[in-house]
């Protein structure tokens, strides 16, 4: 029963309203809870960055489902690696909708997501995607 985490960046086909984001989170919880998939989802200017963690086969199946989701385009796999323990284990899917205030409060990250998440720049710096996700998870309610 090997655990992995998988981090990807994608773009929404259209800018999503709060109501649509809520539907995505509800769907994530519905699918993830029985499969014991946990993680964190960030949304910024029509762009997603998400970490999924759980058993390898289940995480891979979840990612395959996301790849088929017509709401996403341009999916880029940033990281897929074995883990010893979950970092986001208290959430079926944590969530943070980032705004200008969040970006301003994290100036070190600004070059990586001033206009959505820059998958190439984030992926080029090992560990950065996880660091960003973990940082924004702090203070979020479980």
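The values are calculated or read from the model by the stated rules, or taken from the named source; none is laboratory data. Every value quoted in this text rests on a predicted model; they were computed, and no experiment measured them. Methodologically, a virtual Cβ is constructed for each residue, glycine included, from the backbone with ideal geometry; neighbour enumeration extends over all protein chains shown.
Structure values in brief
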item: Qualifying residues in the range 29-42 (those that are outside any loop (DSSP other than H, G, I, E, B) and at pLDDT 90 or above) - the one surrounded by the fewest Cβ atoms within 10 Å (Cβ to Cβ); result: 35
item: So residue 129, is it surrounded by 11 or more Cβ atoms within 10 Å (Cβ to Cβ), on the phi < 0 side of the Ramachandran plot and touching a residue at least 12 places away in the same chain (Cβ under 8 Å); result: yes
item: Unmet criterion (only one of (1) farther than 15 Å from residue 122 by Cβ; (2) in contact with a helix residue (DSSP H, G or I) (Cβ under 9 Å, 6 or more places away or on another chain); (3) touching a residue at least 40 places away in the same chain (Cβ under 8 Å)) for residue 31; result: (3)
item: 2 or more residues modelled with pLDDT of 90 or more and touching a helix residue (DSSP H, G or I) at 6+ places or on another chain (Cβ under 6 Å): qualifying helices (runs of 4 or more DSSP H) within the range 51-142; result: 119-124, 128-137
item: Selection from the range 1-28 of residues that are surrounded by fewer than 13 Cβ atoms within 10 Å (Cβ to Cβ), under 24 Å from residue 86 (Cα atoms) and touching a residue at least 12 places away in the same chain (Cβ under 8 Å); result: 1, 2
item: Residues satisfying the stated conditions in the range 1-24, i.e. under 15 Å from the mean Cα position of the chain (by Cα) and either under 18 Å from residue 138 (Cα atoms) or part of a strand (DSSP E or B) (or both); result: 4, 5, 6, 7, 8, 9, 10, 11, 12
